[in-house]
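The values are calculated or read from the model by the stated rules, or taken from the named source; none is laboratory data. Remember, predicted model here, so these are calculated numbers, not experimental data. Here the Cβ is made from the backbone with ideal geometry for all residues, glycine too, and neighbour counts use every protein chain on show. Surface accessibility is based on the protein's heavy atoms, side chains included, excluding ligands, DNA and RNA. Shrake-Rupley method; radii C 1.70, N 1.55, O 1.52, S 1.80 Å.
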Amino acid sequence: MNEKKIVVPGDFLTSEIKKLGSNVYINNNKIYSSVIGILSESPEYISVIALNGAYTPSAGDGLICVVKQEAATGYVLEFNSPTDTYLPKSTLRRKLDVGTVIFARIANISDNDSIELDNINILPVGTIYSTSCVKVPRIIGKNESMLNILKENTQSNIVVGKNGWIWFSSKNPKLLVRALDLVVKNSQKSNLTNSVKEFLEKNKTK
Amino acid sequence: MTKRLDGRKNDELRPMKVELGVVKSADGSCYLEWGNNTVIATVHGPRPIFPKHLANSEKAVVDYRYRMAPFSVGERKSPVPAKRDKEISLVSGFSLESAIQVEKFPNTVIDIDTVILSSNAGTRAAAITAASLACADAGLPMNGIVSAVASGRANGEFILDLTKEEEDAEDAVDTAIGVLMPQKEIVLLQMDGFVKKEDWKKMISIGLKGAEKVYDFQKNALLKKYPVDGDINE
């Protein structure tokens with residue numbers, strides 16, 4: 001694996017013409033980084049993978065949401081984002097209580113930034129682990145490798161939302177939270193999956 | 001050239017110490033010791049803005065708060081925000097707004113709170129330096145980092161990063177400079193005292209060089225938080 005390079009906001013990246021990925025901006029035909037993150041560069045594409053940040057909704061994302069408030073014709077949902085969303089009662093078959101956790105997919109984002117949800121699933125009693133949305137790719141891993149390791153070694157049921165909220169019900173919740181903390185804290189390092197596997201196997205019996 | 005009271009050179013900064021992510025409930029935070037100044041800066045947001053009529057549908061509102069703790073100065077300071085606190089909050093907010101890409105978060109607010117725990121001149125510069133690190137720590141998209149420093153004149157010498165004793169000199173002039181790095185755009189400029197035009201230029205050039213040193217320090221602080229190699233442990 002090639003060495004990872006960390007860049008900070010305002011760092012000059014390149015003066016070549018490249019396709020712009022996330023977290024970069026262009027000024028006077030030069031490309032700069034706009035967040036603290038890991039540089040990811042290829043001959044025709046450049047982007048920075050952020051190490052922290054707020055979630056911005058995009059269509060197709062699966063989210064963990066919590067019912068925050070009930071209004072006359074729908075529910076206000078919060079999902080670890082600068083803005084809340086509204087779910088009309090007409091799309092639901094049953095009544096929701098405040099505090100219910102649901103998993104839903106963003107069907108569409110309209111012009112005035114309001115979000116339409118579909119594939120709504122009500123999750124049973126569990127716990128939510130909250131982190132930044134930028135850590136989610138590391139928690140899932142390549143081909144869900146990390147997620148499977150976490151599930152097997154702690155006998156858990158885990159649902160990961162793209163918004164950085166992770167719902168779980170586990171037989172060993174303390175170990176799972178410790179493992180998730182480990183992933184979040186070391187998300188910029190290489191070879192994380194093997195280290196987490198070792199960590200879980202070492203601490204499983206305790 | 002006479003030596004300064006604490007033995008520094010004229011263009012030398014006071015020793016700095018920094019820690020990021022000290023406030024767990026905040027999205028980003030920074031603790032900064034700069035000489036005898038101590039600052040804690042936190043960033044919350046972007047988050048929904050209340051009351052709604054304050055919202056801007058084109059960009060995020062930056063709500064910067066500069067406050068001095070009652071115990072930060074020799075004699076007790078009233079915790080009621082004074083005119084000075086409000087003015088510094090306003091201009092420092094503008095300087096950070098020029099660094100943050102606010103147009104990406106319409107109808108929201110970014111709350112930046114800085115508290116001075118201990119003060120010894122140059123607190124607004126320390127507060128902006130810490131706040132800008134906290135913003136970067138929170139992962140806000142920014143065009144650059146704001147580095148702020150004070151430069152000025154005391155006893156006929158042009159010096160960088162004045163202490164309280166130097167600020168109390170008879171002919172003292174004090175300029176706070178905030179620079180958006182690495183673009184080197186001046187985003188904050190305030191001055192106390194009377195000065196000639198040539199002397200003013202000297203003070204600015206000292207300040208700009210000082211800001212570069214502060215920027216190097218800020219950059220190292222950010223890189224130190226995320227070590228790429230090393231063992232993976234709790």
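With point charges of +1 on the Cβ of Lys and Arg and -1 on the Cβ of Asp and Glu, referenced to the Cα centre of the protein assembly as shown, which listed residue (B:L180, A:N203, A:Y55) lies farthest in the positive direction of the dipole?
Farthest along the dipole direction, towards plus: A:N203.
Taking every residue in A:23-34, how many Cβ atoms of other protein chains lie within 10 Å of its Cβ, on average?
For peptide A:23-34, the averaged partner shielding equals 2.
For B:H44, B:H53, what's the largest-to-smallest order of accessible area, 1.4 Å probe?
B:H53, B:H44
Along the Cα→Cβ direction, 7 angstrom out, place labels at A:N191 and B:E103. What is the inter-label distance in nm?
Placing both labels 7 Å beyond Cα along the Cβ direction yields 4.5 nm.
Taking a virtual spin label 7 Å from the Cα of A:K4 along the C-beta vector, which residues in the stretch A:181-206 bring their backbone nitrogen under 16 Å of it?
A:181-197
Using only alpha carbons, build the gyration tensor for the stretch B:22-111 and give me the equivalent ellipsoid semi-axes, biggest first, whole Å.
They are 27, 16, 12 Å, listed from largest to smallest.
Rounded to the nearest 500, what is the 222 nm mean residue ellipticity of the protein assembly as shown from helices alone, with -39500 (n - 2.57) per DSSP H run of 4+ residues and division by all residues?
For the protein assembly as shown, the value works out to -7500 deg cm²/dmol.
Let me know the charge dipole size of the protein assembly as shown about its Cα centre in debye, to the nearest 20, where only the beta-carbon of Lys, Arg (+1) and Asp, Glu (-1) is charged.
The dipole of the protein assembly as shown has a size of about 1140 debye.
Testing the spin-label approximation: label points 7 Å from Cα along Cα→Cβ at A:E198 and B:E19. State their distance in nm.
Going by the 7 Å Cα→Cβ label model, 2.8 nm.
To one decimal place, what Kirkwood hydrodynamic radius in Å is obtained for the stretch A:81-191 from all pairs of distinct Cα atoms?
Across the stretch A:81-191, the inverse of the average 1/r is 15.6 Å.
If you count the DSSP beta bridges with both ends in chain A, what percent of them are antiparallel, to the nearest 5?
Beta bridges within chain A, antiparallel portion: roughly 95 percent.
If you count the DSSP beta bridges with both ends in the stretch A:6-50, what percent of them are antiparallel, to the nearest 5?
Here the antiparallel bridges make up roughly 90 percent for the stretch A:6-50.
Return the carbon/sulfur percentage of the accessible area of the protein assembly as shown, one whole number, probe 1.4 Å, all protein chains in place.
Answer for the protein assembly as shown: carbon and sulfur cover 50 percent of the accessible area.
What are the GluC sites (Glu not before Pro) within the stretch A:7-81 that DSSP puts in a loop, where the Cβ has at most 10 other Cβ atoms within 10 Å?
Answer by residue number: A:E44.
Summed for both chains, how many Å² of accessible area, to the nearest 100, are buried between B and A with a 1.4 Å probe?
It comes to approximately 2600 Å² buried between B and A.
Please report, in cubic angstrom per residue, the volume enclosed by the convex hull of the alpha-carbon atoms of chain A.
Cα-based convex hull of chain A, divided per residue, equals 139 Å³.
How high is the FRET efficiency between B:N220 and B:D192 when r is their beta carbon distance and R₀ equals 22 Å, given to the nearest 0.05?
Efficiency for this residue pair is about 0.10.
Within 10 Å of each Cβ in peptide A:43-53, how many partner chain Cβ atoms are there on average? Round it to a whole number, please.
Mean number of neighbouring Cβ atoms from other chains: 2.
Once you average over the residues of A:9-21, how many Cβ atoms of partner chains fall within 10 Å of each Cβ?
The shielding value for this peptide is 3.
Quick one: of A:K89/B:K52; A:K142/B:K24; B:K52/B:K104, which pairs are farther than 22 Å apart, Cα to Cα?
A:K89/B:K52; A:K142/B:K24
Accessible area, 1.4 Å probe, largest first: how do A:W165, B:W200, B:W34 sort?
I get B:W200, A:W165, B:W34, largest accessible area first.
Any chance you could give the angle, 0 to 90 degrees and rounded to 10, that helix B:123-137 forms with the longest Cα principal axis of chain B?
Roughly 30 degrees between the two axes.
With a cut-off of at most 15 other beta carbons within 10 Å, and DSSP calling the residue loop, which chymotrypsin sites (Phe, Trp or Tyr not before Pro) in the stretch B:42-81 qualify? Please list them.
When the chymotrypsin sites (Phe, Trp or Tyr not before Pro) of the stretch B:42-81 are filtered for loop state and at most 15 Cβ neighbours within 10 Å, B:F71 remain.
Note the direction-averaged projected area, equal to a quarter of the hull surface, for the Cα convex hull of the protein assembly as shown, in nm².
Computing the convex hull of the Cα atoms and averaging its projections yields 25.9 nm².
With N denoting the number of residues in the stretch B:194-234, provide Rg(C-alpha) divided by 2.2 N^0.38 Å, to two decimal places.
2.04
In the structure displayed, which of B:K83/B:K197; A:K4/A:K185; B:K184/B:K209; A:K162/A:K204 lie more than 19 Å apart, Cα to Cα?
Violating the 19 Å Cα-Cα cut-off are B:K83/B:K197; A:K162/A:K204.
How much accessible surface does B:K77 have with a 1.4 Å probe, in Å² rounded to 10?
The accessible area of B:K77 comes to roughly 40 Å².
Restricted to Cα positions, what overall size does the stretch B:22-75 have along the principal axes? Three whole-Å values, descending.
43, 25, 17
How would you order B:224-233, A:144-153 from highest to lowest mean count of nearby Cβ atoms within 10 Å?
Ranking the peptides B:224-233, A:144-153 by packing returns A:144-153, B:224-233.
How long is the gain from B:S57 to B:E87 if the chain were fully straight, where each residue apart is worth 0.36 nm and the alpha carbon distance is subtracted?
8.3 nm
Counting other Cβ atoms within 10 Å of each Cβ, which GluC sites (Glu not before Pro) in the stretch B:71-114 have at most 12 and sit in a DSSP loop?
Here the sparse-neighbourhood loop sites are B:E75.
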